[in-house]
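Since the structure comes first, as structure tokens, the remarks are kept for the end.
The values are calculated or read from the model by the stated rules, or taken from the named source; none is laboratory data. Note that this is a predicted model, so its numbers are computed, not measured. Virtual Cβ from ideal backbone geometry, glycine too; neighbours counted across all protein chains shown. Surface accessibility is based on the protein's heavy atoms, side chains included, excluding ligands, DNA and RNA. Shrake-Rupley method; radii C 1.70, N 1.55, O 1.52, S 1.80 Å.
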Amino acid sequence: MSPMSIAWIVLASVFGGALLGIVLRPILPERHLTSDSKDVIKLAMGLTATMAALVLALLIAAAKSSYDAQRNEVTQLAANVILLDRVLAHYGPEAKSARDLLSHTAAGMIDRIWPEDASQTAPPGSTTPSAEGFYDKIQDLSPQNEAQRALQVQALKLSIDLAQTRFLLLEQGGRSIPMPFLVLLVFWVTIIYVSFGLFAPPNATVIATLFLCALSVSGAILLILELDRPFGGLIEISSTPLRNAVAQLGR
């Protein structure tokens, strides 16, 4: 289910809770709406609101942490691609085929992660045969002196770092938002809105205010879910660092 669909469900649930409270108000006996009852309900809703705020903060922290980690890994990937190309350039013309393969692999990675057709997005850390064979291509180089041998060792290390970053992106490709937490949060917010509707006067201003607040809650949930899919959502990680790196390869 898409984040937008979930946001609409959250809006319907939360605002529906407020309307339910408004409908229940004239139905409930007066003894259920005494000042003592209101005080108990307010205390209970205060506790529920505190727990909801804690869960919301936890979800935001989890989504933002995952998003920042993957964005930093993309930047690190781009930096390692440029550095590896420079090392191979200093190695000499014998490494030209390895540099060409590096350029092809990096360009293919961009096409898989940020395709023109968004429905064909591949896992960010997925590999291709050219990516798998790049390490072997560097390993097959035959250094003629100590300088080339040192450059080969450095290139091998950088290629391992590239592979490690790719696999980190692959492993982090899953959702970081625990769905039970999200369901529980929506349930808590819904019952809070039921209490709002229960004690609010049923006029247009109150209903409009409750709707706007419910819309804000669903918008917050939408942003959290979009942060949780950084390679295909509204808050997408930019491909600019990797594209700039590919543009510098082979120079």
> Looking at the stretch 31-74, which of its residues are under 35 Å from the mean Cα position of the chain (by Cα) and over 24 Å from Leu184 (Cα atoms)?
Replying inline: Asp68, Ala69, Gln70, Arg71, Asn72, Glu73, Val74
> Which of the residues that make up the stretch 25-37 are open to solvent by less than 70 Å² (accessible area, probe 1.4 Å) and in a helix (DSSP H, G or I)?
Replying inline: Leu33, Ser37
>> So the check is Cβ under 6 Å with 6+ separation or different chains; which pairs have a first residue in the stretch 227-247 that's assigned to a helix (DSSP H, G or I) and a second one that's open to solvent by 30 Å² or more (accessible area, probe 1.4 Å) and among the polar types (S, T, N, Q)?
In response: Pro241/Thr75
> Residue check: is Ile22 outside any helix (DSSP H, G or I) and out of contact with any strand residue (DSSP E or B) (no Cβ under 9 Å at 6 or more places or on another chain)?
Replying inline: no
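Out of the residues in the stretch 120-145 meeting the condition of being of a type in the set (S, T, N, Q), in a loop (DSSP other than H, G, I, E, B) and modelled with pLDDT of 80 or more, tell me which one is most open to solvent (accessible area, probe 1.4 Å).
Per the criteria, the residue is Gln144.
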> Restricting attention to the stretch 38-68, and to residues there that are of a type in the set (Gly, Ala, Ser) and open to solvent by 30 Å² or more (accessible area, probe 1.4 Å), which single residue is farthest from Phe199 (Cα to Cα)?
Replying inline: Ser65
> Taking the stretch 224-251 as the search range and keeping residues that are farther than 30 Å from Val10 by Cα, open to solvent by less than 30 Å² (accessible area, probe 1.4 Å) and of a type in the set (A, V, I, L, M), which one is farthest from the chain's Cα centre (by Cα)?
Replying inline: Leu249
> Got at least one residue in the stretch 75-84 being open to solvent by 50 Å² or more (accessible area, probe 1.4 Å) and closer than 21 Å to Leu234 by Cα?
Replying inline: yes
> Hey, any hits in the stretch 206-217 for a residue that's within 16 Å of Trp8 (Cβ to Cβ), loosely packed, with under 15 Cβ neighbours inside 10 Å and modelled with pLDDT of 90 or more?
Replying inline: yes
